[in-house]
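Heads up, the thing below is written out as structure tokens.
Since every read-out is calculated from the coordinates, none of them should be taken as a lab result. Since this is a predicted model, take the numbers as computed values, not measurements. Glycine also receives a Cβ, built like all others from the backbone with ideal geometry; neighbour counts cover every protein chain displayed.
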Amino acid sequence: MAVTESEPGVAPAMREAELAPLAHEGILRRQSARESAARTYARALPIVPVRARGLTIEGADGSRYLDCLSGAGTLALGHNHPVVLEAIRKVLDSGAPLHVLDLATPVKDTFTTELFRTLPPGFADHARVQFCGPAGTDAVEAALKLVRAATGRTGVVAFSGAYHGMTAGALEASGGASDVRVARLPYPQDYRCPFGVGGERGAELAARWTESLLDDPKSGVPGPAGMILEPVQGEGGVIPARDDWMRRMRDITSARSIPLIADEIQTGVGRTGAFWAVEHSGITPDVMVLSKAIGGSLPLAVVVYRDDLDVWEPGAHAGTFRGNQLAMAAGAATLAYVRENRLAERAALLGARMLAQLRGLAADFPCIGDVSGRGLMIGVELVDPEQPPEPVAEVDAQAGSAVGGPRPAAPDLAVAVQRECLRRGLIVELGGRHSSVVRLLPPLTITDEQANAVLDRLSDAVASVAAAPTALRERGIEHGGHAGYGGSAGRAERAEWAGQAAAR
Ligand SMILES: Cc1ncc(COP(=O)(O)O)c(C=O)c1O
């Protein structure tokens, strides 16, 4: 089987004839002239997708790409999976209303039944679901509002490096927040451990700091309405939380009657090797916020929570677009397909193999500082190989960390690797605190052969950047990462890019 996939039934000759007038360059030029300066992916990925299937995207100029961005982790089944298309067509052909506010429909009933079927044991039996506005950030807002209403408290505790969305409350809980009314706690990580130790000990120190802030009457952190965390920080740099630390957070919050909110917007639906990432540690959160893959590529977001938190008055949380029937149909089909085909297990196995291969690559290239991830949520951090590693207080043997601390992050090298990947027909995302992490979020349906092609193209891109880092750095820099951590490119670089784009 070829590594790229074509849409069945579309003849190449017809495709060429159709594509020619789309004028790839003109579309890009008009986008650059008309759309906001806040656009992100479009800057680093100057492609004009016109067809897509599975892992493959085809551009208006006929180029084909392996898409490991997957709509920022949304496309659990890749682009235009037949079961998703069939589910959407079925609704369209049935004459069912497409807009229903929050009224009950058979489509919604099927979605909710399938969703509850997948939820962690012990949670679904006592859960309530609120359909939110279409985006993940809307579900985060709803969750924060819910725990505030339920506890009568206002503060929230969140973690360094977090990303929860772009609306006011979600942004405030994210690591990039500038106007901070949320207390920030350390999220443990091995490579850039805030305590310089990593591993089990780093996580233990992070947990102690959390306890101390919550219990010290003079810590400046009043009893919070909730704690919000990602089981694997995605935009923060693909940092999986240790299972023992997750259990510790559960114990700490339970003991203090603080609702624990798991943000599974990116980690859900099999992505990390379990259907929901909280299952790795066996914890039951009080609230889960879900979006991205649950809509099967269409916008859908929900907050699911323990029924005793359901103190809302009718209309306490509302929104016009809470009843997206096509998204619910596509989402129910996706959830069922992932469950029935055990795609979470597949993600665990394939992800472990890809991580091992990438760690092998890191041994050959000093510009790879760290390879991290869980399941098919994988990050490769680019560092400056010419700078010495930071000194560390101590290296935890169990963490398996390299001797010495991390080297300085190299966002310019990450941009160069992203660009070289694109030249080789591979789309990757950038993320991490310093926008120096190349991220892979392939669909869970990726074949072994396609995974090999992805790794080959990425290795080749890294090799070319490692061979000529200075020249590549000089070829213009524009950050291509997620909006959440999109601020690393300097003003001069942005202006330079804008000039280049306008000149095209
Ligand atoms: C963990 C997490 N929470 C929240 C969000 C926000 O979701 P949305 O972009 O749909 O608002 C994201 C998006 O990347 C995310 O990864």
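Worth a mention:
- When you count the other C-beta atoms within 10 angstrom of each residue and take the mean per peptide, 407-418, 278-289 line up highest first as 407-418, 278-289.
- Taking amide H as placed 1.01 Å from N in the peptide plane, T56 has its amide H under 5 Å from the amide H of E5, D67, H79, each at least 5 places away in sequence or on another chain.
- Note on the chain: Kirkwood hydrodynamic radius from all Cα pairs is 23.5 Å, rounded to one decimal.
- At R0 = 45 Å, FRET efficiency that the Cβ-Cβ distance of E449 and T105 yields, to 0.05: 0.65
- Taking amide H positions as modeled 1.01 Å from N, with prolines and chain starts lacking one, the residues under 5 Å from D370 and 5 or more places away or on another chain are E381.
- Placed amide H near A162: partners under 5 Å, 5+ positions off or other chain: G175
- In straight-distance terms, cross-link reach from K90 covers every one of the lysines whose alpha-carbon lies under 21 Å from its own, apart from those fewer than eight places away in the same chain; here that gives K108.
- J(HN,Hα) series, the stretch 421-426, from Karplus relation 6.51 cos²θ - 1.76 cosθ + 1.60, nearest Hz, glycine and proline x: 4, 4, 4, 9, x, 10
- In Hz, Karplus ³J(HN,Hα) per residue of the stretch 269-276 (6.51, -1.76, 1.60; θ = phi - 60°; x = Gly, Pro): 6, x, 3, 8, x, 9, 4, 10
- Charge tally in the Cβ shell below 10 Å around E230, where Lys, Arg are +1 and Asp, Glu are -1, E230 excluded: -3
- As computed over the stretch 305-348, the Cα convex hull volume per residue (Å³): 124
- When the helices of the chain are scored as -39500 (n - 2.57) per DSSP H run of n ≥ 4 and the total is divided over every residue, the value at 222 nm lands at -12000 deg cm²/dmol.
- Efficiency of FRET between T320 and R153 - r from beta-carbon atoms, R0 35 angstrom, step 0.05: 0.75
- The string of couplings for the stretch 131-145 from the Karplus curve (6.51, -1.76, 1.60, θ = phi - 60°) is 7, 10, x, x, 9, x, 4, 5, 5, 5, 4, 4, 5, 5, 5 Hz, one whole number per residue in order, with x for Gly and Pro.
- Diffusion of the stretch 59-214 by Stokes-Einstein, at 20 °C in a medium of 1.002 mPa s and with Rh set to the Kirkwood radius over alpha-carbon pairs, works out to 108 µm²/s.
- Antiparallel content of DSSP bridges confined to the chain, in %, to 5: 70
- Cβ-Cβ FRET estimate between R34 and S63, R0 fixed at 25 Å, reported to 0.05: 0.60
- The stretch 102-121 and the stretch 215-254: distance between their alpha carbon centers, rounded to Å: 29
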